[in-house]
Structure formats: C-alpha cells, structure tokens
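Following: one structure in structure tokens, then a few remarks.
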Amino acid sequence: MELEIRFGEAIATAEGDALVVPMFEDGSWGGGGEWVAERMPGLAGYLEKAGFTGGAGQVETVPGGDAVPFAAVTVVGLGEEVDAESLRRAAGAAARACSRFATAVTTLHLLEIDEAAEMVVFGFMAGLYTFETFKSEAKPAAIEALVLAGDGGGGEPAVARGRALAHGVALTRNLVNTPAVAKPPAVLVAHVEDIAAAHGMSVEIYDEDEIVAAGFGGLAAVGAGAANPPRMVVLDYAPEGAVKSLALVGKGIVFDSGGLSIKPASGMEDMKTDMAGAATVLGAVQAIAELGLSINVKAILPFTENVISGHSMRPGDVFTARNGKTVEVLNTDAEGRLILADGLSLAAEGEPDLIVDVATLTGAAKVALGVEIAAVFGTDEARRLVVDAAEAAGEDVWPMPLHASYRSHIDSTVADIKNTGERWGGAITAALFLREFAGDGPWAHIDIAGPARSTKAADYTPKGASGFGVRTLVAVAEGLTAS
Ligand code: BES
Ligand code: MN
Ligand code: ZN
C-alpha cells in the first residue's frame with residue numbers, strides 16, 4: 001500500500017501515533033527534538049541507561065505517556081554529524097522501528113541538510129519495503145502515513161523526489177527478488193510494457209527469431225539453451241523538447257547457472273539476481289519519467305536465462321555480435337558481457353550523449369571492493385560523471401582502470417576477441433571486453449555484483465535485493481540535463 005505523506009503541520013498539532021526525533025552522539029537534539037526533550041525531562045536519562053548513545057543506526061522507542069500527544073516516541077541516532085546519506089539511513093532505521101504504528105510524525109526533515117525531506121521520505125519508504133508476493137500469509141506493515149511536522153526540508157518538490165526514487169528502488173527490488181521461475185523473459189517484457197503504458201513511453205520487443213535477424217549474436221548464443229526464449233527490449237522515454245540523450249544498458253540474466261561451464265551448487269540460488277542491472281535501469285527510467293526529467297532515455301534490456309540443454313552454447317563456440325565483431329566463448333559463465341555486447345552495440349548506433357551499462361558482471365568486482373561498493377569503468381569524462389553522480393546520490397562507487405596492457409588477455413586465436421582472460425583483474429578484463437562494443441562516444445560501465453544484493457537488513461536496505469544504482473542513474477540523467 002502506498003504510504004501517505006503529509007507535510008507542513010506543526011509538531012504541537014500534528015496527529016499521529018509515533019513521533020520520530022533525531023539525537024546526535026553528543027546527546028544534543030536536532031531537527032525539532034528539543035520539543036520532545038522539554039516535555040519529557042526523563043527521556044535523556046532513560047536513553048543513557050538503556051545504552052542509547054545517539055550513534056548512527058541506533059533506534060529506541062519509548063511510550064509517550066501523558067507528556068506528548070503520541071503513543072510512542074522513537075529516537076534515532078545520527079552519530080557525530082549528519083549528511084544526506086546518514087539522514088536517509090536514520091529515516092530507514094526509524095521507519096522499520098515504528099512500522100507497527102499507523103501514523104508516524106517526524107521532524108527529521110528539519111535537520112540542516114539541503115532538501116532534507118527528500119532523504120527522509122526516501123529512507124522511510126525504502127526502509128518499509130517488504131517482499132511478500134510469495135508468502136501465503138502476507139503481513140503488511142501497519143503504517144499508513146508519514147507526517148513531516150514543521151515547515152522546511154524543501155517542501156513538496158523534495159517529498160515528490162524522495163517518493164519517485166523510492167518507487168524506482170521498490171520496482172527494482174521486486175523484480176530482483178522474484179524467483180527465476182516467475183520471471184522468464186516474456187514475463188519481464190509484460191512488466192516493461194506495463195511501465196511503458198503507465199508513463200507514455202514506447203517499447204520495442206525482439207523475440208527469439210528477431211534477435212537472430214537483428215544480429216544480436218551474443219544474446220542468441222546465451223539464450224540458445226533455454227526453454228524460455230530470450231527477448232531484447234528497448235524502452236524509450238522521449239519527452240517533448242528534450243535535448244540530451246542517454247542510453248542505459250542493463251544485464252538481464254534471469255538465472256545464471258553458468259551454462260555448460262556450470263557453477264558450483266553453493267551460491268547458485270543467488271543467481272536469480274543476475275538481472276539486477278536491467279532491473280536497476282528499469283527502476284531508474286520509471287523514476288526519471290515520474291520526475292518528468294527533460295532528457296531522452298533509451299533503456300536497452302537483453303533478457304535471457306543462462307541454462308543448460310542440448311541447444312546450449314559450448315565452450316569454444318564463436319558467434320558474431322551486433323557490431324560485427326566475432327567472439328570466442330571460452331567460458332559460458334562469462335555470459336553477461338556477451339549479451340551486453342549486443343546491447344552496447346545497439347546503444348552506440350544511436351550516438352547518444354552518454355551510454356551507461358549496469359551489470360552484476362564479475363565476482364572479481366566483489367572481491368576487489370566488497371559488497372558495499374560498485375566498480376565504475378569507462379571513458380574518462382563519462383566515468384567521472386558517473387562517479388560524481390553516485391556521490392551526489394549517496395551511493396558508494398569507486399573508479400577503476402581500463403588498463404591497456406590487459407587487453408591482450410582477451411585476444412583470441414580464432415576470433416576477434418574471447419570472453420575470458422586470466423583470473424587476476426577479472427573485473428577489468430570484463431570492462432575491456434565491453435569497451436569493444438560501446439562505440440567511440442562517452443561510455444561508463446557500473447559493475448554492481450557486490451552491492452546489488454544485501455545479506456542483512458540495515459537502515460533503509462532490506463535483506464535481498466537492494467535497489468543499488470537507481471539513484472545514481474537518476475543523478476546521471478540530471479547531470480546530463482544540466483550540462
Ligand atoms: N553473474 C556472474 C557474476 C556474479 C558473481 C555476480 C557473484 C554476483 C555474485 C557472472 O556471470 C559470472 O559468472 N562471472 C564469472 C566470470 C568468469 C567466468 C570469467 C565470475 O565472476 O566468476
Ligand atoms: Mn555467469
Ligand atoms: Zn552472470
């Protein structure tokens with residue numbers, strides 16, 4: 001159910017069940033917390049006894065008693081100082097703590113952060129996210145409304161932005177959390193068509209025969225073994241008067257068994273999340289449309305399973321990608337780059353101002369940067385633009401080198417290029433492979449193999465699909481619009 005958000009009521013007259021206020025690590029109150037402290041003189045002493053120090057991520061809920069007109073008061077810690085991202089996280093932690101109340105009232109948006117209401121609304125909505133589609137008894141949270149008490153934080157426009165980003169992230173999480181059995185390419189196509197219809201976007205679909213006819217040899221090769229046939233999806237957001245153009249390419253592997261170069265059993269169940277790149281692009285495009293950004297965005301989404309049958313591609317096979325380059329497949333588990341090769345080729349044909357691809361591409365990126373940080377590669381200007389956008393959006397990424405001499409690792413003896421190099425530097429050789437298909441214009445590649453999924457629930461991120469990357473892509477679109 002959609003969370004109702006009200007804005008502008010004063011704290012003294014706002015009606016609700018739980019009041020959420022922030023506290024800093026030094027014990028000082030921020031964002032209107034003094035109002036509570038004055039009326040509940042015993043609160044600070046209680047918090048201290050309960051071990052609540054105001055540290056980032058801490059939450060404590062106490063009864064409001066007769067002192068304030070709220071059944072409960074939830075105090076959320078901010079640490080030593082607050083920035084946009086720690087505010088999102090505090091809001092997410094608070095949301096989870098008070099989701100059992102129907103209406104939450106907060107003053108978090110009064111903290112001294114530009115557009116603070118955006119972070120509060122985003123963190124709150126993203127923190128309340130649950131995935132219950134496959135539970136026979138769904139337990140929806142009780143919470144129905146969030147009241148931002150007191151003027152400030154950027155007002156309605158900031159609220160709308162936080163809401164649009166949270167909607168995009170929820171869309172991404174839903175698709176990624178869905179088991180592979182329930183999201184064959186044709187089903188994902190239907191989802192994309194629904195999103196397109198809801199936002200007046202056009203969509204073009206290539207079925208398995210059209211994929212071959214269009215020369216998408218990588219997608220055809222990876223999809224060859226699957227009983228559920230592959231689809232290439234091109235979604236177009238083209239608002240009137242837009243000048244700049246952005247192409248977003250997302251890895252849409254519905255399930256990655258590894259193919260004939262099969263993966264070990266442990267961890268294979270996570271490979272339903274191997275379409276997170278495509279889901280991230282979809283979530284971002286939906287948010288961009290909801291925000292009405294003035295930019296042309298083309299989302300290119302190759303969808304297929306990477307599974308085994310007598311029709312599967314074999315190690316040693318060679319195919320021709322959309323841009324005419326021949327590719328030798330040494331390891332069928334390096335399949336993401338094969339479908340992205342076609343997606344990037346198609347993107348480059350349109351000569352957009354910028355191409356960005358997003359993919360759960362390599363375990364090596366996860367080894368290099370861990371599960372909280374995405375790896376960013378690309379042409380210098382594009383890579384910088386993405387890194388800056390991620391920083392502005394509050395998502396952790398790090399720039400990585402397209403080290404020239406490693407290009408020889410993917411020289412093939414029989415074709416123009418092969419799909420795997422040596423073990424070391426695997427995230428880099430994967431990116432060098434993609435570069436061969438991205439054309440001559442600005443291009444960046446974001447490897448989200450680590451942060452696409454979370455192994456534990458924390459602040460606004462639940463266990464499972466994280467929705468990481470949606471905010472960065474929206475910020476990329478905004479950055480391009482402004483330039
Ligand atoms: N989807 C995987 C990468 C991955 C691994 C994402 C773990 C998230 C968590 C990708 O298709 C893959 O299998 N990559 C191989 C490439 C190798 C065969 C060159 C890898 O990283 O091991
Ligand atoms: Mn793989
Ligand atoms: Zn994969």
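The values are calculated or read from the model by the stated rules, or taken from the named source; none is laboratory data. What you see is a predicted model, and the numbers here were worked out from it, not measured in a lab. Cβ: placed from backbone, ideal geometry, glycine included. Neighbour counts: every protein chain shown. Ligands, DNA and RNA are excluded from the accessible area calculation, which covers all protein heavy atoms including side chains. Shrake-Rupley method; radii C 1.70, N 1.55, O 1.52, S 1.80 Å.
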From the list Gly27, Gly77, exactly one residue is touching a strand residue (DSSP E or B) at 6+ places or on another chain (Cβ under 8 Å) and without any contact (Cβ under 8 Å) to a residue 60 or more places away in the chain. Which is it? Gly77
When you go through (1) without any contact (Cβ under 8 Å) to a residue 60 or more places away in the chain; (2) out of contact with any helix residue (DSSP H, G or I) (no Cβ under 8 Å at 6 or more places or on another chain) one by one for Val189, which number turns out not to apply? (1)
Take the range 253-275 and flag every residue that is away from ligand 2 (no atom under 13 Å from the Cβ), of a type outside the set (D, E, K, R) and closer than 17 Å to Ala449 by Cβ. Ser266
Within the range 360-372, does at least one residue satisfy the condition of being farther than 19 Å from Gly441 by Cβ, among the hydrophobic types (A, V, I, L, M, F, W, C), part of a strand (DSSP E or B) and within 16 Å of ligand 3 (Cβ to nearest atom)? no
Which of the residues that make up the range 1-28 are of a type outside the set (Lys, Arg) and part of a strand (DSSP E or B)? Glu4, Ile5, Phe7, Ala18, Leu19, Val20, Val21, Pro22, Met23
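So is Ala44 farther than 27 Å from Glu156 by Cβ and in contact with a helix residue (DSSP H, G or I) (Cβ under 9 Å, 6 or more places away or on another chain) or not?
The answer is yes for Ala44.
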Could you list, ordered by first residue, the pairs with Cβ atoms under 8 Å in which the first is in the range 423-445 and over 16 Å from Leu338 (Cα atoms) and the second is among the small types (Gly, Ala, Ser) and within 11 Å of ligand 1 (Cβ to nearest atom), at least 6 apart or interchain? Gly425/Ala364
What are the pairs with Cβ atoms under 6 angstrom where one residue, in the range 294-315, is at positive phi and touching a residue at least 12 places away in the same chain (Cβ under 8 Å) and the other, located anywhere, is open to solvent by 10 Å² or more (accessible area, probe 1.4 Å) and of a type outside the set (Phe, Trp, Tyr)? Sequence gap at least six, or different chains. none
Looking at Val249, Val329, Val222, Val307 in this structure, which one is surrounded by 19 or more Cβ atoms within 10 Å (Cβ to Cβ), within 15 Å of ligand 3 (Cβ to nearest atom) and under 21 Å from the mean Cα position of the chain (by Cα)? Val249
Might you check whether a residue that is over 20 Å from Arg337 (Cβ atoms), in the same structural domain as Gly218 (by TED's automatic domain parsing), free of Cβ contacts under 8 Å to residues at least 40 places away in the same chain and open to solvent by 30 Å² or more (accessible area, probe 1.4 Å) occurs anywhere in the range 387-397? yes
Taking the options Ala227, Ala238, Ala198, Ala213, name whichever one is modelled with pLDDT of 95 or more, touching a strand residue (DSSP E or B) at 6+ places or on another chain (Cβ under 6 Å), surrounded by fewer than 16 Cβ atoms within 10 Å (Cβ to Cβ) and in the same structural domain as Ser309 (by TED's automatic domain parsing). Ala238
What are the residues in the range 401-437 that are in a helix (DSSP H, G or I) and within 14 Å of ligand 1 (Cβ to nearest atom), if any? Tyr406, His409, Ile410, Gly426, Ala427, Ile428, Thr429, Ala430, Ala431, Leu432, Phe433, Leu434
Within the range 452-464, is even one residue outside any loop (DSSP other than H, G, I, E, B) and at pLDDT below 95? yes
So, Gly336, is that one more than 21 Å from Glu204 (Cβ to Cβ) and more than 27 Å from the chain's Cα centre (by Cα) or not? no
Within the range 264-290, residues out of contact with any strand residue (DSSP E or B) (no Cβ under 7 Å at 6 or more places or on another chain), surrounded by fewer than 22 Cβ atoms within 10 Å (Cβ to Cβ) and not hydrophobic (A, V, I, L, M, F, W, C) come out as Pro264, Ser266, Gly267, Glu269, Glu290
What are the residues in the range 266-279 that are assigned to a loop (DSSP other than H, G, I, E, B) and within 11 Å of ligand 1 (Cβ to nearest atom), if any? Gly267
Scan the range 175-183 and tell me whether some residue there is in a helix (DSSP H, G or I), within 15 Å of ligand 3 (Cβ to nearest atom) and more than 19 Å from Arg314 (Cα to Cα). yes
May I ask you to list the residues in the range 334-373 that are within 14 Å of Gly450 (Cβ to Cβ) and surrounded by fewer than 24 Cβ atoms within 10 Å (Cβ to Cβ)? Thr362, Gly363, Ala364, Lys366, Val367, Ala368, Leu369, Gly370, Val371, Glu372, Ile373
Which condition breaks for Pro315 when tested against (1) open to solvent by 10 Å² or more (accessible area, probe 1.4 Å); (2) within 16 Å of ligand 1 (Cβ to nearest atom); (3) touching a Gly at 6+ places or on another chain (Cβ under 8 Å); (4) not acidic (Asp, Glu)? (3)
How about the range 255-288: which of its residues are within 10 Å of ligand 3 (Cβ to nearest atom) and either modelled with pLDDT under 95 or more than 14 Å from the chain's Cα centre (by Cα) (or both)? Phe255, Asp256, Ser257, Gly258, Gly259, Lys263, Met271
Among the numbered criteria (1) surrounded by 23 or more Cβ atoms within 10 Å (Cβ to Cβ); (2) at positive phi, which one does Glu118 miss? (2)
All but one of (1) away from ligand 1 (no atom under 16 Å from the Cβ); (2) surrounded by fewer than 21 Cβ atoms within 10 Å (Cβ to Cβ) hold for Ala321; state the number of the condition that does not hold. (2)
The condition of being closer than 29 Å to Ala238 by Cα and in contact (Cβ under 8 Å) with a residue 60 or more places away in the chain holds, among Ala287, Ala364, only for Ala287
